[in-house]
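Here is the structure we will look at.
The numbers here are math on the coordinates, done by the rules we state, and not lab data. What you see is a predicted model, and the numbers here were worked out from it, not measured in a lab. FYI the Cβ positions are ideal-geometry reconstructions off the backbone, even for glycines, and counts take in every protein chain you see.
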Amino acid sequence: MTTTHEVVEDLVLSDSTENVVINAPVEKIHLGKWLTQLTDAEYQACAVPDHRACGWSKNADGDLVSINVEVIGGALMIQHYVAEVLEPHHCRLVSLSETQSPDGWQYVQVIWDLSVTPLDSGRATFTNKVLGRPTRSFLENLKERGIPFEQVVEERQAAVARHNALEAPHYAASVERVCTVS
């Protein structure tokens, strides 16, 4: 069995995008600030019962990392999102995420992309996009267990879409609350 966690860039496990209207002018929104100040309790409330915990730390390179623990489609996931972009209207975080399988922990890449765009002078569109890709070790594990990749994609796509539909409106409401207070 291979132990590499190299991401397979040309394969997609899941790709889900949700758009939600925020009743706040885009100029008042700062996604980077909102995200880095998101409390554990607020994170959990944004996707009950899927979101279990979150917090911020730094990795060995000194990069800011959001650590999220959640259950998606029955699978426990621990995400270590490295913040690549933390701007007022765009955040992009990339994680080599751990997910539990019958054979132990497996690794997948998850890219979490948040953005807001103006809709009109008092509203903005919040976009929550989640993209998942397999690692070579994940694919090898599937092969050893005789599970077709296409089956996993179908199951994971459905689970991620359900999860995103649950969390995106709550994230948008949280952003709206935080931005209209200041």
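Label separation (LEU96 vs GLU144): 1.8 nm, computed from points 7 Å beyond Cα along the C-beta direction.
Per the Kirkwood formula on distinct C-alpha pairs, the Rh of the chain is how many angstrom?
16.9 Å
Applying 0.36 nm per residue to the separation of VAL85 and VAL12 and subtracting their alpha-carbon distance, the gain on full extension is 24.1 nm. Protection proxy ranking of 74-81, 90-97, by the mean of other Cβ atoms within 10 Å over each peptide's residues and highest first, is 90-97, 74-81.
For the listed peptides 17-24, 105-112, a ranking on the average number of other beta carbons within 10 Å per residue, highest first, reads 105-112, 17-24. Lysine pairs in the chain with Cα distance under 25 Å, only those 8 or more apart or on different chains: how many are there? Eligible lysine pairs with Cα atoms under 25 Å apart amount to 4. Listed values for the range 100-117 are Karplus-derived 3J(HN,Hα) couplings in whole Hz (6.51 cos²θ - 1.76 cosθ + 1.60, θ = phi - 60°), namely 7, 10, x, 9, x, 7, 10, 10, 9, 8, 10, 10, 10, 10, 10, 8, 10, 10, and x replaces Gly and Pro.
The angle between the Cα long axis of helix 136-145 and the longest principal axis of the Cα atoms of the chain comes to about 50 degrees, rounded to the nearest 10.
Were the residues from LEU119 through VAL48 laid out at 0.36 nm apart, the gain over their Cα-Cα distance would be 22.7 nm. For the chain, the residue among ALA45, ILE147, SER95 whose Cα projects farthest onto the positive side of the dipole built from Cβ charges is ALA45.
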